[in-house]
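Comments concern the structure below.
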Amino acid sequence: MKSPFVRSLMFLGGFAACLTPSIAQVVEFRATINAAQENPATASTATGSAVMLYDVRANTFDLFVTLTGFTNTLSLSHVHEAAVGVNGPVVTNLGAEAVYVRTGTTLTGTFRNLTHGGDKLKLLQNGAYLNFHSSTNPSGEIRGQLIAQPKRLSARINSANEVAANPIVSNAFGGALMSYDSGTNRVTLEVTLFNFSNTLTASHFHEAAVGVNGPVVTNLGGAAVYTVAGGNISRIFSDLAYTGDPIKLLTGGAYLNFHSNVYGGGEVRGQVVAAEEVASSRLINASARGFVGTGNQVLIAGVGVTGAEPVAVRIVGRGPSLAAFGVQGALADPVISLYGPAGLMATNDNHAIVAPAVAPTGLDAKDAVLDVILPPGGYSIVISGVGGATGIGLIESFEQRTGSTARLSLVGTQPDVSAQGSLASTTVARKGPPAVLEICGAPTAKLAAGTR
C-alpha cells in the first residue's frame, strides 16, 4: 500500500485523459531506382529514389519520386507486382512525362491519394516495384523495388480490455511497443507489465477486433521467458517471427493477451494499434535534484505521460556519479521506486543487474536504473538511500524514441537480451541512421550542478 506522502504526490487522472485522434495505419516504403534492377538490365546511367506512404486500411498511397540523369523522354511509369529480379504485371498506372516536372535531366513526381491496384499483402511483403519506361527501353529503363520500412506499433494493456464471461478483478496493467517489418514479417516487441500478482502462465498475439476473442497466432511464452520482479514483468522479444496476418496486425485486428493461473482466458489484454510518437506523447515534469532524507523526507518527483500511446522511459536515480559534477555529500547508494495508481510498480537498487554490454554510460555501479514502458497517466518516482543513508540525489526521466519508430528497430541479427534485466536501448542495433536519444527535462550536468 502507498504511504500517505507518496499518495499525496501522485499525478493521477489528468494525463490519462489527454487523447489524440486515431492514427492511420501508414507504412512507409522506400525504393532505390537504377538500371541494374531491370530484367534484363539496361545500359542507362539514370538513377533515382522514391518514398511511398501507404495507408493499409484505405488501400491508398502518396508517392514521391526523383529521377536523375534521365536523358530520354519518360513514356510510361507504373507500379508492377513481382519479386526482386522478376518481371510482373502493372497494377497501378502513374503516367508519362507530362505528370512529372523536368529540370534538365532530373524528373520529379508527386502523387497523392492514389488507389493501389494490386494485392495488399504482396506490396507489404516487398513484392512490388516501380518501373520507368522510355522509347529506348520500352520494357523499362530503370526500376526500384518497394521495400517496407519497420512500422511502429503499440498497445495499452489492462484487464478492462479482456472479453470474459465473468468480471476480471485485477490491478495489473502495462504497455508494449513494437517495431514490425512487414517485408520480413518479423517483429521486435518490448513489453512491461505492472502489479501482475498472479502467475503468468502464457502470453500470445491473438487475432481479433476490439471486444472480440480470437485465435492465437504467435506464442510468446509464460513467466519463464520473462524477467519477473514481484509484480513487475518485462521482456524484449528480438526479431520474432510473426505468424499471423500482416494486414490484421497493421489495421488493429490483433491483440496481446497475458494469461494467469487465476484467469486462464486472459488477465490483461492490449489491442495492437499504429503509433507515431505524436508530439503530445511526451513526458512532463521529468527531473528533480535535492536532499534525500528518510521517512517523509525522501526525494519525490512526479512524471506524467501524455497522449494516447505508451512511452519507453528510462528512470535514473543518481547518487555516487554526481561527484563527477562537483556535488558534495552525494547519496552513496540510491534506490528508486516507481509508483502508480495501484501503488508500487517497480524498484531498482544497483543498475549493475544490467549486462555490461548494454549498461547505461556515465553511471556509478551503485546508481539505479529502471527501463519501462509506461502507459499514459501520472506516476511518482521516489529516491531513497540504502539502509537509511542520506545525501544529495538526482532523479531523471528520459523518453527514449527514434523518430517514427519504436526505440527498438528490427535488425535480423539482433541478439536476444531478454534475460539481461533492464535494457539500455541506446546500445541496441538499429536499422537506418543513428538514433537520437531525446531527453526530457534539464540536462544531467546542469541539474547535477544545481542549475534549474
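The residues of the stretch 382-396 that are surrounded by fewer than 24 Cβ atoms within 10 Å (Cβ to Cβ) and either among the aromatic types (Phe, Trp, Tyr) or farther than 15 Å from Asn296 by Cβ (or both), listed by number, are Val386, Gly387, Ala389, Gly391, Ile392.
The residues on offer are Arg186, Arg152, Arg143, and the sole one that is under 30 Å from Gly85 (Cα atoms), modelled with pLDDT under 95, surrounded by 17 or more Cβ atoms within 10 Å (Cβ to Cβ) and not polar (S, T, N, Q) is Arg152. Among the conditions (1) in a loop (DSSP other than H, G, I, E, B); (2) within 14 Å of the chain's Cα centre (by Cα), Ala155 misses just one, which is (1). For the stretch 205-222, the tally of residues that are closer than 18 Å to Ile373 by Cα and surrounded by fewer than 19 Cβ atoms within 10 Å (Cβ to Cβ) stands at 0. Sub-6 Å Cβ pairs linking a first residue in the stretch 154-180 that is assigned by TED's automatic domain parsing to the domain that holds Gly266 to a second residue that is assigned to a helix (DSSP H, G or I), at least 6 apart or interchain, are Ile168/Ser159; Ser170/Ser159, ordered by first then second residue. Taking the stretch 100-110 as the range and being surrounded by fewer than 18 Cβ atoms within 10 Å (Cβ to Cβ) and within 23 Å of Val26 (Cβ to Cβ) as the test, the residues that pass are Thr108, Thr110.
In this structure, is Thr347 modelled with pLDDT of 90 or more, assigned by TED's automatic domain parsing to the domain that holds Val311 and not aliphatic (A, V, I, L, M)?
On the way: modelled with pLDDT of 90 or more: yes; assigned by TED's automatic domain parsing to the domain that holds Val311: yes; not aliphatic (A, V, I, L, M): yes.
It is true that Thr347 is modelled with pLDDT of 90 or more, assigned by TED's automatic domain parsing to the domain that holds Val311 and not aliphatic (A, V, I, L, M).
The values are calculated or read from the model by the stated rules, or taken from the named source; none is laboratory data. What you see is a predicted model; the values in this text were computed from it and never measured. A quick note on method: Cβ atoms are made from the backbone with ideal geometry, for glycine too, and the neighbour counts reach across all protein chains shown.
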